[in-house]
Amino acid sequence: MNTLIAPSILSVDFNNLQKSIDIVNHSEADWLHLDVMDGVFVPNLSFGFPIIESVAKTTQKPMDAHLMVIEPDKYINRLRDLGVSRMTVHYEACPHLHRTIQAIQKAGMKAGVSLNPHTPVALLEDVIDNLDLILIMSVNPGYGGQTFIEHSCPKIEALRSMIDTKKASALIQVDGGVNFETGRRLVDSGVNVLVAGSFVFSSTDPVDTINKLKLL
């Protein structure tokens with residue numbers, strides 16, 4: 001299976017948002033990644049529902065929402081109603097994680113859980129059979145364009161081993177510092193889905209960059 005690519009619009013110029021959506025539409029990207037931040041769980045604000053609603057009207061790619069927020073359960077139905085197909089919440093933000101996963105899936109979306117760089121993958125052992133997606137943060141969440149954390153690769157290898165041992169079906173997604181060099185190592189470590197934002201949209205040919213990432 002080719003690597004799945006989910007370009008993130010976090011780092012795009014929102015005055016020309018439609019141009020960025022068109023780039024993704026005309027590429028071989030698989031999903032469109034939406035980084036939603038509340039300024040509480042992470043030290044930054046990104047965009048809210050009006051932007052997601054605008055994106056939903058023109059994107060031709062499934063929307064993959066990554067909620068870096070407290071109390072993500074409050075937004076499940078609203079994201080579903082906007083057409084989001086995958087909703088990922090943070091382990092660190094969910095005191096009743098199993099219930100949150102069930103609520104996302106009951107709403108008709110695929111459920112993902114994200115882990116911050118300091119959070120060990122072993123903490124997902126009791127819910128891994130219930131997950132559709134696991135997002136490993138290879139930078140500290142909150143800002144685009146950060147330097148890749150090297151420990152991410154052995155962490156992903158451990159997660160891949162856990163998934164294979166338990167015969168689970170969750171995809172492994174990685175977000176942060178993804179480029180051609182780190183992307184190759186991440187795929188070799190067992191990653192299924194690469195999220196890339198600034199690397200894609202700051203390149204001279206974003207469509208070509210997306211398409212080359214997919215071949216990793």
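The values are calculated or read from the model by the stated rules, or taken from the named source; none is laboratory data. Here the structure is a predicted model, which means the values were calculated and not measured. Virtual Cβ from ideal backbone geometry, glycine too; neighbours counted across all protein chains shown.
Here is a check on your reading of the model: is residue 178 assigned to a strand (DSSP E or B) and free of Cβ contacts under 8 Å to residues at least 60 places away in the same chain? In short, no.
From the list 22, 73, pick out the single residue that is out of contact with any Lys or Arg (no Cβ under 6 Å at 6 or more places or on another chain), over 30 Å from residue 215 (Cβ atoms) and assigned to a helix (DSSP H, G or I).
Numbers: 22 fails: over 30 Å from residue 215 (Cβ atoms).
Of the residues listed, the single one that is out of contact with any Lys or Arg (no Cβ under 6 Å at 6 or more places or on another chain), over 30 Å from residue 215 (Cβ atoms) and assigned to a helix (DSSP H, G or I) is 73.
State all residues of segment 192-201 that are in contact with a helix residue (DSSP H, G or I) (Cβ under 9 Å, 6 or more places away or on another chain) and not in a helix (DSSP H, G or I); if no residue qualifies, say none.
The first filter runs over segment 192-201 and keeps only residues in contact with a helix residue (DSSP H, G or I) (Cβ under 9 Å, 6 or more places away or on another chain), leaving 194, 196, 199-201.
Answer for segment 192-201, where residues must be in contact with a helix residue (DSSP H, G or I) (Cβ under 9 Å, 6 or more places away or on another chain) and not in a helix (DSSP H, G or I): 194, 196.
Residues in segment 57-77 that are farther than 17 Å from residue 10 by Cβ and of a type in the set (A, V, I, L, M, F, W, C) were compared, and the one that is surrounded by the fewest Cβ atoms within 10 Å (Cβ to Cβ) is 70. Annotation note: Cβ proximity below 9 Å between a residue of segment 60-76 that is over 13 Å from residue 38 (Cα atoms) and a residue that is of a type in the set (Gly, Ala, Ser) and assigned to a helix (DSSP H, G or I) (sequence gap 6+ or interchain) occurs for 63/56; 73/103; 76/103. Considered as a group, the residues in segment 103-148 that are polar (S, T, N, Q) and in contact with a Ser or Thr (Cβ under 8 Å, 6 or more places away or on another chain) include one that is farthest from residue 86 (Cα to Cα), and that residue is 138. Among the listed residues 124, 133, 115, 32, identify the single one that is within 22 Å of residue 187 (Cα to Cα) and either basic (Lys, Arg) or touching a residue at least 60 places away in the same chain (Cβ under 8 Å) (or both). Of the residues listed, the single one that is within 22 Å of residue 187 (Cα to Cα) and either basic (Lys, Arg) or touching a residue at least 60 places away in the same chain (Cβ under 8 Å) (or both) is 133. Does segment 40-53 include one or more residues that are loosely packed, with under 14 Cβ neighbours inside 10 Å, at positive phi, not in a strand (DSSP E or B) and not basic (Lys, Arg)? No, every residue in segment 40-53 fails to be loosely packed, with under 14 Cβ neighbours inside 10 Å, at positive phi, not in a strand (DSSP E or B) and not basic (Lys, Arg).
Could you tell me how many of the residues in segment 128-148 are assigned to a loop (DSSP other than H, G, I, E, B), among the aliphatic types (A, V, I, L, M) and either buried (at least 21 other Cβ atoms within 10 Å of the Cβ) or modelled with pLDDT of 95 or more (or both)? Even if it seems obvious, please write down each step before you answer.
Taking segment 128-148 first, the residues assigned to a loop (DSSP other than H, G, I, E, B) are 131-132, 138-148.
Narrowing the set further to residues that are among the aliphatic types (A, V, I, L, M) leaves 131, 139.
Within this subset, residues satisfying the condition of being either buried (at least 21 other Cβ atoms within 10 Å of the Cβ) or modelled with pLDDT of 95 or more (or both) are 131.
The number of residues fulfilling the criteria is 1.
Residues in segment 94-117 that are in a helix (DSSP H, G or I) and crowded, with 20+ Cβ neighbours inside 10 Å: 4 in all.
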